[in-house]
Amino acid sequence: MGGERIEVIIRDRGAIQTARDLLARDCGEEPILDEHTRKLTVPAHGGAQTLVQIVRDLDEAGIHIDDIGLRRPTLDDVFLALTGHASAEELADEAEKLRRIA
């Protein structure tokens, strides 16, 4: 169902691979990369302690970040994991956004 995850947005695209390696080492899993936003996401099995270690390691490596945080699953995340589709409220929000654009 997910669980806590750490999300890091790397400032410099050239530092992404080094940051990925650090997160993989600290978390024991390969991070997922969103190329467009430069965001790395990895499960945080150690919670806040893992987050602290990552901040230290990124700083030691001279990697600048735009954002970092420990995220917990929302009720929408749980619903999606259990049912395989978005909630009616979430779909209505998306439809409203599309109407505003059109």
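Quick check on segment 1-49: of everything there that is of a type in the set (Gly, Ala, Ser) and under 17 Å from ILE65 (Cβ atoms), which residue is surrounded by the fewest Cβ atoms within 10 Å (Cβ to Cβ)? Looking at the filtered set, the residue picked out is GLY14.
Going through (1) on the phi < 0 side of the Ramachandran plot; (2) surrounded by 15 or more Cβ atoms within 10 Å (Cβ to Cβ) one by one, ARG71 falls short only on (2).
Since every read-out is calculated from the coordinates, none of them should be taken as a lab result. Predicted model only: the values in this text are computed from it and were never measured. Here Cβ is always computed from backbone atoms with ideal geometry, including for glycine, and neighbour counts include all displayed protein chains.
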